[in-house]
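What follows is a short report on a single structure.
The values are calculated or read from the model by the stated rules, or taken from the named source; none is laboratory data. Because the structure is predicted, anything quoted here is derived from the model rather than measured. Positions of Cβ are generated from backbone atoms using ideal geometry, with glycine treated the same way; all protein chains shown enter the neighbour counts.
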């Protein structure tokens, strides 16, 4: 896999208008993250680099609020750039800071349910908050550790080697011309 942070990407980042602010966001998804009713699954959404919670448009087809708007809590997070090596799935360390108040109950519940923790990364621009300007990129987070109020995990792209290919299933009902 080639490195997505090419010279063209770096140039685009460097030449963004000076009055435009980028908002990196992270959405955490797990079956144990439930609303106050204890039934409805919810995502935990974070935006870094801001003091107040913000509302952003979610792309159509997203698991939660697809085509609508979602509120992202002002929770700082940091991720290293993924390493790209021949024959290896890219991975990086993701740290979410000051999570004691906002995420403690969800993390305790997640320990009880054996399932993958999914992270969805998106970036928004201040001149258009209706949809992401970059992403969504979905990762699976494993090897999660909690140190004080910081949660750190290893984020990897999904296991592409074990995905069904081709993804679309062609049936005679949908494509009658297949029948001979």
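For the range 102-114, the count of residues that are closer than 19 Å to residue 25 by Cα, in contact (Cβ under 8 Å) with a residue 24 or more places away in the chain and loosely packed, with under 15 Cβ neighbours inside 10 Å is zero.
Here the condition is being assigned to a strand (DSSP E or B), in contact with a helix residue (DSSP H, G or I) (Cβ under 9 Å, 6 or more places away or on another chain) and in contact (Cβ under 8 Å) with a residue 12 or more places away in the chain; of 94, 146, it holds for 146 alone. Exactly one residue among 104, 51, 110 is more than 22 Å from residue 135 (Cα to Cα) and at pLDDT 80 or above, and that residue is 51. Looking across the range 26-81, the residues that are free of Cβ contacts under 8 Å to residues at least 60 places away in the same chain, surrounded by fewer than 13 Cβ atoms within 10 Å (Cβ to Cβ) and either under 19 Å from residue 94 (Cα atoms) or touching a strand residue (DSSP E or B) at 6+ places or on another chain (Cβ under 9 Å) (or both) come down to 35, 40, 49, 51, 52, 67, 68, 69, 71, 80.
For the range 23-48, give me each residue that is in contact with a helix residue (DSSP H, G or I) (Cβ under 9 Å, 6 or more places away or on another chain), assigned to a strand (DSSP E or B) and closer than 22 Å to residue 135 by Cβ. Hits for the range 23-48 are 28, 44, 46. Would you please name the residue that is surrounded by the fewest Cβ atoms within 10 Å (Cβ to Cβ), looking only at residues in the range 143-167 that are under 14 Å from the mean Cα position of the chain (by Cα) and modelled with pLDDT of 85 or more? Restricting to residues being under 14 Å from the mean Cα position of the chain (by Cα) and modelled with pLDDT of 85 or more, the top hit is 154. Here residue 89 meets the list (1) loosely packed, with under 15 Cβ neighbours inside 10 Å; (2) part of a loop (DSSP other than H, G, I, E, B); (3) over 15 Å from the mean Cα position of the chain (by Cα) almost entirely, failing just condition (1).
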